[in-house]
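Data first, discussion second: the structure below is written as structure tokens.
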Amino acid sequence: MLAFLKRLWTTIRRPSVHYSLGFLTLGGFVMGIIFWGGFNTALELTNTETFCTGCHEMRDNVFAELKTTIHYTNRSGVRATCPDCHVPHDWTDKIARKMQASKEVWGKIFGTINTREKFLEHRLELAQHEWARLKANNSLECRNCHSSDSMDITRQSARAAEAHERFLFTGEQTCIDCHKGIAHRLPDMSQSAWHEEKPEDMMGNATAFLAARDRMPN
Amino acid sequence: MKRFAISLIAAASLLVAAAAAEDNISTLRETTPLAENATPHPMPKPVNTDIRQVRNYPEQPPLIPHTIEGYQIDMNSNKCLTCHSRTAVEVSQAPMISITHFMNRENQFLASVTPRRYFCNQCHVPQTDARPLVENDFVDVDSVIDYVKAKEGAN
């Protein structure tokens, strides 16, 4: 192995015998363009709704649900596709997310959610991943379209205006805190509190309380 | 001859009455023939004023003064309760569901919403700006009381 690496290293650092410097630099440049272009084209191809709904797991579950919501049909005809909300738009973040998505390829190959029942079983976990991601990046994918600077709350209903003024503009909460289930059906929310509180914590509080009560002399 | 004339007149008047009734009957189909589809009326807009409406009688489930389009109410989640539940009202400042919603059929209070009261829009409905199809001559109970009092006073 070491001998092979040594041989490879000597080959690489030896000047070229047959090819001219111009050929090597220009060839490298052209090949670089082809490689980079191809890479980005392939990346963009995986970033389309057609690609996402190419698998029945997405088409029959989450995409079918999206179709009934305002992010699919609405009065102005502007709509969000899968990657608009689920893939970051900046290049580095996008690559990071794409690397994470290799886990999803694994899931596809081994059929983790290949039936409706399996999907429903995993729905809470999958939703929690997305909520955690959006919570961590301050609902960046929402804000790519819905900017709070451009939001005219005088055009909103009184209730919406008040809620946005109290929670959004103060930065107290982020979009996903209140707008869970805006584009897909919700998982069993009794196992996941609407606001951040984890079921374990709640159980912990209850257990601590009951234990303290038991310790008290009657 | 006389009997024949009477039956003829009777038959004719029946026909006229039937024709007149046909013209006067107003159904949801209006005058569109059965075999054709009527052009639907534009969808009425939901009332979204957030202003609580008067209850026409004390037991009336309060109307929902806002749009509830796309609200999920099923085994997994109840969107209404994210604002109207006991624990949520401090944050949302929405009216809390009444204590009756915690009572089971034996009138025992449970710790959370009883299953028979869980599906909000079985009783609570939003309103639209649609014109009523038929005139409503409902009289508020207060008016009834006033009417009865006035009548008793007169007697």
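The numbers here are math on the coordinates, done by the rules we state, and not lab data. This one's a predicted model, so the numbers in the text were calculated from it and none came from an experiment. Glycine also receives a Cβ, built like all others from the backbone with ideal geometry; neighbour counts cover every protein chain displayed.
Condition first: under 16 Å from residue A:138 (Cβ atoms) and in contact with a helix residue (DSSP H, G or I) (Cβ under 6 Å, 6 or more places away or on another chain). Now tell me which residues in region A:77-91 satisfy that.
Listed by number, the residues that qualify are A:85, A:88.
What single numbered condition from (1) within 12 Å of another protein chain (Cβ to nearest Cβ); (2) of a type outside the set (A, V, I, L, M); (3) in contact (Cβ under 8 Å) with a residue 24 or more places away in the chain; (4) in contact with a helix residue (DSSP H, G or I) (Cβ under 9 Å, 6 or more places away or on another chain) fails to hold for residue B:120?
Single failed check for residue B:120: (1).
What do you reckon, is residue B:130 outside any helix (DSSP H, G or I) and either touching a residue at least 40 places away in the same chain (Cβ under 8 Å) or closer than 17 Å to residue B:63 by Cα (or both)?
yes
Could you check region B:46-94 and list, in sequence order, the residues that are outside any loop (DSSP other than H, G, I, E, B), within 11 Å of chain A (Cβ to nearest Cβ) and either of a type in the set (A, V, I, L, M, F, W, C) or in contact with a Lys or Arg (Cβ under 8 Å, 6 or more places away or on another chain) (or both)?
Across region B:46-94, the qualifying residues are B:73, B:81, B:83, B:91.
Since residue A:152 meets every condition but one in (1) within 14 Å of chain B (Cβ to nearest Cβ); (2) free of Cβ contacts under 8 Å to residues at least 12 places away in the same chain; (3) more than 21 Å from residue A:183 (Cα to Cα); (4) of a type in the set (Asp, Glu), which condition does it not meet?
Status for residue A:152: all satisfied but (1).
Kindly provide the set of residues from region B:96-127 that are surrounded by fewer than 10 Cβ atoms within 10 Å (Cβ to Cβ), aliphatic (A, V, I, L, M) and in a loop (DSSP other than H, G, I, E, B), ordered by number.
Selection gives B:111 alone.
With over 20 Å from the mean Cα position of the chain (by Cα) and surrounded by 13 or more Cβ atoms within 10 Å (Cβ to Cβ) as the only criterion, which of A:121, A:162 stands out?
Of A:121, A:162, the one residue that is over 20 Å from the mean Cα position of the chain (by Cα) and surrounded by 13 or more Cβ atoms within 10 Å (Cβ to Cβ) is A:162.
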